[in-house]
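Chemist: Okay, handing you the structure first.
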Amino acid sequence: LHPELANLPRKYKTALSRCGSHCTAHEINDVSFVGVTGQDGTPGFDLWVGGGLSTSPMMAERLGVFVAPEQVPDVWTGVTAIFRDYGYRRLRNRARLKFLVSDWGPDRFREVLETEYLHRTLPYGPAPPPPPPGSRDHVGVHRQRDGRYYVGVAPHTGRTSGTQLAQVADLAEAYGSGRVRTTIEQKLLITDVDQQNLAELVSELECIDLPARPSSFRRATMACTGIEFCKLAIVETKQRARDLYTELDKRLPDFDTPVSINVNGCPNSCARFQLADIGLKGSLVSGEEGFQVHLGGSLGADPAFGRKIRGLKVTADALPDY
């Protein structure tokens, strides 16, 4: 803990991952360390800075440097101190690192980091390999490096109950090592499962409404907290999103192409509506709850923010037809 960093401007998000699926979404965090292998085969990290969404979405910039694991604390401290010293502390709407990176560019940011804060030059490093096609959510049955498996399941738009979580904990102890992980895609993972226990665990999870093989619509729909518990939200989101994909499953029962639908209650993008195939931002439409539509968002090999269709808003009740 650094007392000198205790009064940072506004929010500041850090991601660190060695996952080949890039499941921490390094492209949209303030500072990210992405696992790579150096030219000599040494493991380390690729440094990204200045990502963020909300009302001014920006993709993070690669600085093109290789950070050894033992250097991560110093480099993080240097990047964070730049935010403290040069960030727009007094301007609430610009008090995020992304605005500084946008104004400076990655070359100047790297130069200031090396000369003023680290007092050494960081070596150039490789970019992380692109993620494999498909979702980053880890849903399904997947093999771990140690030969065991983990099982990823999809709650209804990220919402669970205390009873359901207690059941998950019991299953994790019975079939795994007792460990449960959450993902930024609102999914749950039970880890360390032996192969002979997989079928029974998957069946038990299905019985408590946590499918490891959910429909495409259920798997790829996310929703923020919404008006039910958030003072910033304009519309209800959790139940609207669940009703939406339930209706889509009825209308298109054989649909198996991944199409992400992110439902957000306000412009702040907690559910990352700009990054979905279909992004829905809460809005009032003729006095009713509705959504502004954004289309075509994505991360990965071809990152893009969803484009707002001018004037296109739909009421919540009209969403399935749209």
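The values are calculated or read from the model by the stated rules, or taken from the named source; none is laboratory data. Source: prediction; values computed, not measured. Ideal geometry is used to build each Cβ from the backbone, glycine not excepted, and the neighbour counts take in all protein chains shown. Protein only, heavy atoms only, side chains kept; ligands, DNA and RNA dropped before computing areas. Shrake-Rupley method; radii C 1.70, N 1.55, O 1.52, S 1.80 Å.
Chemist: Inside the stretch 39-53, can you point out the residues that are crowded, with 17+ Cβ neighbours inside 10 Å and either in a loop (DSSP other than H, G, I, E, B) or within 21 Å of the chain's Cα centre (by Cα) (or both)? Quick ask: steps written out before the conclusion?
Modeler: Keep residues of the stretch 39-53 that are crowded, with 17+ Cβ neighbours inside 10 Å, which gives 44-53.
Passing the criteria: 45, 46, 47, 48, 49, 50, 51, 52, 53.
Chemist: I've got another one for you. Given the structure, is residue 313 at pLDDT below 95, in a strand (DSSP E or B) and more than 28 Å from residue 168 (Cα to Cα)?
Modeler: Numbers: at pLDDT below 95: yes; in a strand (DSSP E or B): yes; more than 28 Å from residue 168 (Cα to Cα): yes.
Against the criterion (at pLDDT below 95, in a strand (DSSP E or B) and more than 28 Å from residue 168 (Cα to Cα)), residue 313 qualifies.
Chemist: Restricted to the stretch 218-229, and to residues that are out of contact with any strand residue (DSSP E or B) (no Cβ under 7 Å at 6 or more places or on another chain) and open to solvent by less than 30 Å² (accessible area, probe 1.4 Å), which residue is nearest to residue 136 (Cα to Cα)? Talk me through it step by step, then tell me what you get.
Modeler: Here is the first cut: in the stretch 218-229, the residues out of contact with any strand residue (DSSP E or B) (no Cβ under 7 Å at 6 or more places or on another chain) are 218-219, 225-229.
Checking which are open to solvent by less than 30 Å² (accessible area, probe 1.4 Å) leaves us with 218, 226.
Working: 218: 15, 226: 24 Å.
Selected residue: 218.
Chemist: Within the stretch 286-304, which residues are buried (at least 17 other Cβ atoms within 10 Å of the Cβ) and part of a strand (DSSP E or B)?
Modeler: 289, 290, 291, 292, 293, 294 - these are the residues of the stretch 286-304 that are buried (at least 17 other Cβ atoms within 10 Å of the Cβ) and part of a strand (DSSP E or B).
Chemist: Further question on the same structure: Can you find a residue that is part of a loop (DSSP other than H, G, I, E, B), loosely packed, with under 15 Cβ neighbours inside 10 Å and out of contact with any helix residue (DSSP H, G or I) (no Cβ under 9 Å at 6 or more places or on another chain) anywhere in the stretch 6-17?
Modeler: yes
Chemist: Is it true that some residue in the stretch 210-217 is under 17 Å from residue 280 (Cα atoms) and either surrounded by fewer than 18 Cβ atoms within 10 Å (Cβ to Cβ) or not basic (Lys, Arg) (or both)? Show your work before the answer.
Modeler: So in the stretch 210-217, the residues under 17 Å from residue 280 (Cα atoms) come out as 217.
Among the residues that remain, those that are also either surrounded by fewer than 18 Cβ atoms within 10 Å (Cβ to Cβ) or not basic (Lys, Arg) (or both) are: 217.
So far as the stretch 210-217 goes, yes, one or more of its residues are under 17 Å from residue 280 (Cα atoms) and either surrounded by fewer than 18 Cβ atoms within 10 Å (Cβ to Cβ) or not basic (Lys, Arg) (or both).
Chemist: Considering the stretch 230-255 alone, what residues qualify as being open to solvent by 60 Å² or more (accessible area, probe 1.4 Å), over 16 Å from residue 292 (Cα atoms) and in contact with a Ser or Thr (Cβ under 7 Å, 6 or more places away or on another chain)?
Modeler: Matches in the stretch 230-255: 242, 255.
Chemist: Would you mind stating whether residue 259 is among the hydrophobic types (A, V, I, L, M, F, W, C), assigned to a loop (DSSP other than H, G, I, E, B) and surrounded by fewer than 18 Cβ atoms within 10 Å (Cβ to Cβ)?
Modeler: Details: among the hydrophobic types (A, V, I, L, M, F, W, C): yes; assigned to a loop (DSSP other than H, G, I, E, B): yes; surrounded by fewer than 18 Cβ atoms within 10 Å (Cβ to Cβ): yes.
The answer is yes for residue 259.
Chemist: Something else now. Quick check on the stretch 79-86. Is at least one of its residues hydrophobic (A, V, I, L, M, F, W, C), surrounded by 17 or more Cβ atoms within 10 Å (Cβ to Cβ) and more than 23 Å from the chain's Cα centre (by Cα)? First the steps, then the outcome.
Modeler: The first filter runs over the stretch 79-86 and keeps only residues hydrophobic (A, V, I, L, M, F, W, C), leaving 79, 81-83.
Add one more test, that the residue is surrounded by 17 or more Cβ atoms within 10 Å (Cβ to Cβ), and what stays is 79, 81-83.
Still in the running and more than 23 Å from the chain's Cα centre (by Cα): 81-82.
Yes, some residue in the stretch 79-86 is hydrophobic (A, V, I, L, M, F, W, C), surrounded by 17 or more Cβ atoms within 10 Å (Cβ to Cβ) and more than 23 Å from the chain's Cα centre (by Cα).
Chemist: Cβ-Cβ distance below 8 Å, separation of 6 or more or different chains: which pairs start in the stretch 296-310 with a residue that is farther than 14 Å from residue 129 by Cα and free of Cβ contacts under 8 Å to residues at least 24 places away in the same chain and end on one that is open to solvent by 40 Å² or more (accessible area, probe 1.4 Å) and in a strand (DSSP E or B)?
Modeler: Pairs that qualify, where the first residue is farther than 14 Å from residue 129 by Cα and free of Cβ contacts under 8 Å to residues at least 24 places away in the same chain and the partner is open to solvent by 40 Å² or more (accessible area, probe 1.4 Å) and in a strand (DSSP E or B), are 296/307; 307/295; 309/295.
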